[in-house]
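Enquirer: Just passing along the structure, written as structure tokens.
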């Protein structure tokens, strides 16, 4: 297994490709439509469902949560993961940040007219970078970021992105990101990963190639536009990169090109695979960057009430 | 209290504040008509024609595994979708042990190709409300957990549990499946469905492996976490505090702790002692009422991952010991189970 050198090179028209997305976005008003959600609001924060228009035009939705109080508050954008369900930001993020999650095109509540299939989304249009669904999904993510940082209660000095490596492209394409946490590679070196992966969702690409074996070059060409490696130099945010096991995809050798390419100060976190240990480490780093208290995720009965365990 | 919790808790601190997970006393009570309630549902299900369909999916099939997109009819006539993966005869000869891989709360059913490569005839089921099974029932996510939560006769999990149990009928309808070797496995909601299926189909289930079993001690868990999905219950009760008794009454008919006493087959349970999504306490409440052989594994500092990084090989060995797939010793491995 080769884990130390990347095989993709930046397309010659990379900037033009992404500039065109920005031009499309700029030409489409976001037309925000915000509705408070009593169900998802707490004693600490108010959550809204906000509809926004992205390129297409396509109507997407974000969960936006705002802490109670005068603000300004640090902001946190959670980058989309691969799945049909998007939930509101976690309770503890809602306490500390103006936080947003994105129901991007194809996911539930943003599935009209396009309902993404899982599996299926990853290869929908993959042979053409102008037709790959992730072109629109990245535009949705950029649109959500623009809306988030434009809110008056957001502290513009403390804007963070957390989640998959999609955050690298957002931080490269937009100014104002102060902290970036990359927990899991998805688009980074995807052209290197799928040939050696049997697990879904990456296996979707191998499935596609079984049906269309001649499309490998077209697929790799598309993936190159979206490889965070080719965007990393434009990132100025302080960045935390979580790194997996040596010798494996996501390990130090695998991640080294991205880490070297990132333009901001980079720290590495060695994943322990103890889920809560790893969660707490990232949370602590983000909290420090954002000037808020870290939050462990083990809750005490006193925090929840009034219904308590063993209340009978 | 919230301000005081500004750093990660050590296991010792956690134990000091919440007590040992294994010592947790459940508030769940078993309704007197619990078994009758589910016998009526399963009787209705048995009277419903299965109407199985199988469509080959050549591009997702490999030299080792044939993949089919499948469908069957479940409770209330709802059509359920999913995936069926079986070894090619050239890869492993039948009959094959059957294995149902049951999904987590937000995830879509996986294609169990990696299990089929090990020698299982494996089904990845999409209970109602999941993509491929949401044309007739679609409460949305978040939302499934609280859909009709004050009425046990229309609560979302009434049909959802039945759909997972019915997947076993689909497996049994396949001539290449050995009916004496049927297993079930999943994590989080998949862990819950492992329990409910093992209880509702105790006549045929050989063994089950359940990670971070969700839907056990609903109200106890909601009182121990602000993480989704249980937070859905907290949100609901914040809006409708007067419905707490009705909610609790409904949920006792769907609580895995009440199913667990009907699970007689060998089971393996694994939990993360720092799981914020499914508090580990209720894993021990399951253990305490199970009449059969149980292996209970706990992983310190692991969260909802339930130690899967270390546990996955053990799950493979456990299932292979009871189900004897043809290629258990071939050095192959299943895709890591996610909740």
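Enquirer: What whole-number volume per residue, in cubic angstrom, does the convex hull of the C-alpha atoms of the protein assembly as shown give?
Expert: Looking at the protein assembly as shown, the number lands at 140 Å³ per residue.
Enquirer: Let me ask something additional. Counting only other chains, and only Cβ atoms inside 10 Å, what mean value do you get across the residues of A:254-260?
Expert: 0
Enquirer: In peptide B:307-320, what is the residue-averaged number of other protein chain Cβ atoms found within 10 Å of each Cβ?
Expert: 1
Enquirer: Among A:158, B:24, A:231, A:109, rank each residue by its count of other Cβ atoms within 10 Å, from fewest to most, as a rough exposure measure.
Expert: Fewest to most other Cβ atoms nearby, the residues stand as A:109, A:158, B:24, A:231.
Enquirer: May I ask for the percentage of alpha-carbon pairs in chain B that lie more than 24 Å from each other?
Expert: 53 percent
Enquirer: Using just the helices of chain A, give the 222 nm mean residue ellipticity in deg cm²/dmol: DSSP H runs with n ≥ 4 each add -39,500 (n - 2.57), and the total is spread over all residues, rounded to 500.
Expert: Result for chain A, helices only: -9000 deg cm²/dmol.
Enquirer: Right, next: For chain B, what does the helix formula give at 222 nm: sum of -39500 (n - 2.57) over DSSP H segments with n ≥ 4, over the residue count, nearest 500 deg cm²/dmol?
Expert: My calculation for chain B gives -9000 deg cm²/dmol from helical runs alone.
Enquirer: Please give the helix B:189-200 orientation as an angle from the longest Cα principal axis of chain B, in degrees from 0 to 90, rounded to the nearest 10.
Expert: Approximately 70 degrees, to the nearest 10.
Enquirer: If the elastic network links every pair of Cα atoms under 10 Å, which of A:196, A:271, A:21 fluctuates the most in the Gaussian network model of chain A?
Expert: A:196
Enquirer: By how many nm would the segment from residue B:53 to residue B:154 lengthen if fully extended, with 0.36 nm per residue of separation less the alpha-carbon distance?
Expert: Between residue B:53 and residue B:154, full extension yields 33.7 nm more.
Enquirer: If the elastic network links every pair of Cα atoms under 10 Å, which of A:189, A:49, A:174 fluctuates the most in the Gaussian network model of chain A?
Expert: Top of the fluctuation ranking is A:174.
Enquirer: Can you work out D for region B:282-339 in µm² s⁻¹ from Stokes-Einstein, where Rh is the Kirkwood radius over C-alpha pairs, the temperature is 10 °C and the viscosity is 1.306 mPa s?
Expert: 120 µm²/s
Enquirer: Would you mind checking the tilt of helix A:252-261 against the longest principal axis of the Cα atoms of chain A, expressed as 0 to 90 degrees and rounded to 10?
Expert: Helix A:252-261 sits roughly 80 degrees off the main axis of chain A.
Enquirer: Quick one: Debye curve from the alpha-carbon atoms of region B:187-339 only, equal weights, vacuum; give me log10 I(q)/I(0) at q = 0.21 Å⁻¹ to two decimals.
Expert: For region B:187-339 at q = 0.21 Å⁻¹, log10 I(q)/I(0) is -1.31.
Enquirer: Would you kindly state how much longer the chain becomes between residue A:212 and residue A:28 on full extension, computed as 0.36 nm times their sequence separation minus their alpha carbon distance, in nm to one decimal?
Expert: Full-extension gain reported as 62.7 nm.
Enquirer: If I fit a long axis through the Cα atoms of helix A:133-149 and take the longest principal axis of the Cα atoms of chain A, what angle between them do I get, 0 to 90°, rounded to 10?
Expert: Orientation of helix A:133-149: about 30 degrees from the principal axis.
Enquirer: So which residue, out of A:14, A:148, A:229, gets the largest mean-square fluctuation from a GNM of chain A using Cα contacts under 10 Å as springs?
Expert: Result: A:14 has the largest fluctuation of those listed.
Enquirer: Show me the three semi-axes of the equivalent ellipsoid for chain A, from the C-alpha gyration tensor (sqrt of 5 times each eigenvalue), largest first, rounded to whole Å.
Expert: They are 31, 23, 20 Å, listed largest first.
Enquirer: Which whole number gives the average, over all residues in B:125-138, of C-beta atoms from other chains lying within 10 Å of the residue C-beta?
Expert: 1
Every read-out reported here was derived from the displayed coordinates using simple, explicitly stated rules and does not represent laboratory data. All values derive from a computational prediction rather than experimental measurement. With ideal geometry, Cβ positions are generated from the backbone for all residues, glycine too; neighbour counts draw on all protein chains shown.
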